[in-house]
Amino acid sequence: MKQYNLGIEATLEILGGKWKALIVCLLMSGTKRTSELERLIPDISQKVLIQQLRELERDGIIGRIKYPQMPPKVEYYVTEYGKTANKIIDVMCTWGRENIMLRKKQGEDITLLEK
């Protein structure tokens with residue numbers, strides 16, 4: 001039996017790490033192909049992206065549509081269960097923007113590229 005000391009442990013098990021929350025955030029705006037995600041997250045390797053997508057799919061956060069064609073076409077989307085994480089993702093985005101503004105006020109040379 002799996003046990004957690006705090007609820008946040010269960011959250012971090014699914015959405016923790018450098019890329020998963022970002023991937024889910026990007027998919028919240030609509031279905032995307034692997035190549036689109038690679039362009040939107042230029043610092044992630046293809047291997048790590050595929051691994052993170054598989055883990056998110058395994059945990060029911062995202063779904064995958066595989067089209068029977070050549071070359072292969074695969075699209076990813078946020079499941080209904082995954083949409084329940086939207087509140088968490090929004091709070092993380094808001095906190096991140098506020099953190100960047102604070103750090104800029106403190107003199108750090110930092111930029112937020114999001115529109």
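The values are calculated or read from the model by the stated rules, or taken from the named source; none is laboratory data. These numbers come from a predicted model, not from an experiment. As a convention, Cβ positions derive from the backbone with ideal geometry for all residues, glycine included, and neighbour counts pool all protein chains shown. Heavy atoms of the whole protein, side chains included, go into the accessibility calculation; ligands, DNA and RNA do not. Shrake-Rupley method; radii C 1.70, N 1.55, O 1.52, S 1.80 Å.
Below are the figures for this structure:
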item: Region 5-19 residues that are in contact (Cβ under 8 Å) with a residue 12 or more places away in the chain, paired with ones that are open to solvent by less than 70 Å² (accessible area, probe 1.4 Å) and not polar (S, T, N, Q) (beta carbon under 6 Å, 6 or more apart); result: 14/59; 15/21; 19/44
item: Selection from region 61-73 of residues that are open to solvent by less than 80 Å² (accessible area, probe 1.4 Å) and among the polar types (S, T, N, Q); result: none
item: Restricting region 74-115 to residues that are more than 17 Å from the chain's Cα centre (by Cα), at pLDDT 90 or above and basic (Lys, Arg), the residue that is most open to solvent (accessible area, probe 1.4 Å); result: 105
item: Candidate set: region 1-22, residues that are of a type in the set (Lys, Arg) and under 9 Å from the mean Cα position of the chain (by Cα); chosen: the one surrounded by the fewest Cβ atoms within 10 Å (Cβ to Cβ); result: 18
item: Cβ-Cβ under 6 Å pairs, at least 6 apart or on other chains, region 32-59 side at negative phi, far side open to solvent by 90 Å² or more (accessible area, probe 1.4 Å) and at pLDDT 95 or above; result: 57/64
item: Tabulated pairs, region 66-85, first free of Cβ contacts under 8 Å to residues at least 12 places away in the same chain and over 16 Å from residue 56 (Cα atoms), second assigned to a strand (DSSP E or B) and among the charged types (D, E, K, R), C-beta under 6 angstrom, 6+ apart or interchain; result: 67/73
item: Qualifying residue in region 23-45 (condition: more than 28 Å from residue 9 (Cβ to Cβ), among the charged types (D, E, K, R), touching a Leu at 6+ places or on another chain (Cβ under 9 Å) and open to solvent by less than 30 Å² (accessible area, probe 1.4 Å)); result: yes
